[in-house]
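Step one of this worksheet: look at the structure below.
Coordinate-derived values only; no laboratory data. Note that the coordinates shown come from a computational prediction; the quantities given were computed from them, not determined experimentally. Here the Cβ positions follow ideal geometry from the backbone for every residue, glycine too, while neighbour counts run over all protein chains shown.
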């Protein structure tokens, strides 16, 4: 039983195992949504201090598409899935079953598709982690944001500053038989558990 002010809920060593399970689960969920077979080609996890986190999803002036969720339950935190816009467009094309290159901007329908994608990825990731450690974790509805990387990561980090001195960053590259897709998957769990399964 974890009580207040005991050991942190997450360390890099423990999180690496959980993140691998959760990420594999998340890519599996995404593959089901877009009806494509995905293989994870790169999966790296590192703990990054807040002051070194400003370039995590790209150069500050670069445009990115972010899918942002909160999660609650036995612990709280945030998830940010970030892609280069052309990568986000490709994923929308896959999900909608249209030719690659069909999507060139994000309208209401495209944002809805990405939101559902974020919901599936977040849910599959959290379920994979929760099943490993006997926790209950629930995602919020996703928000889809298209902004400069510096502005987007600044907003996310501002939310995390109060609870964390560092964040866990997953670099995830996955591919189909013909295309490699790179994204940044930022998971910011709170340091302490509110309660834990026995």
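Listing for the model above:
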read-out	value
Relative packing of 143-151, 78-86, which averages over residues the other C-beta atoms within 10 Å, highest first	78-86, 143-151
FRET efficiency, 1/(1 + (r/R0)^6) with R0 41 Å, evaluated for residue 76 and residue 102 via beta carbons	0.60
Tail weight of P(r) past 25 Å, computed on alpha-carbon pairs of the chain, percent	32
Inter-label distance for residue 28 and residue 42, nm, one decimal - labels placed 7 Å from Cα along Cα-to-Cβ	2.5
Highest to lowest packing among 30-40, 88-98, scored as the average C-beta count within 10 Å	88-98, 30-40
Candidates 171, 20, 179, ranked by Gaussian network fluctuation over the chain, Cα under 10 Å, top entry	179
Length gained when the stretch residue 52-residue 140 is fully extended (0.36 nm per residue, less Cα-Cα span)	29.0 nm
Highest to lowest packing among 114-126, 61-73, scored as the average C-beta count within 10 Å	114-126, 61-73
Distance histogram for region 76-139 (every C-alpha pair counted, 5 angstrom bins, percent rounded to whole numbers)	3, 17, 24, 19, 13, 11, 9, 4, 1
Residue-span extension gain [residue 109 to residue 86] - 0.36 nm each, minus C-alpha spacing	6.6 nm
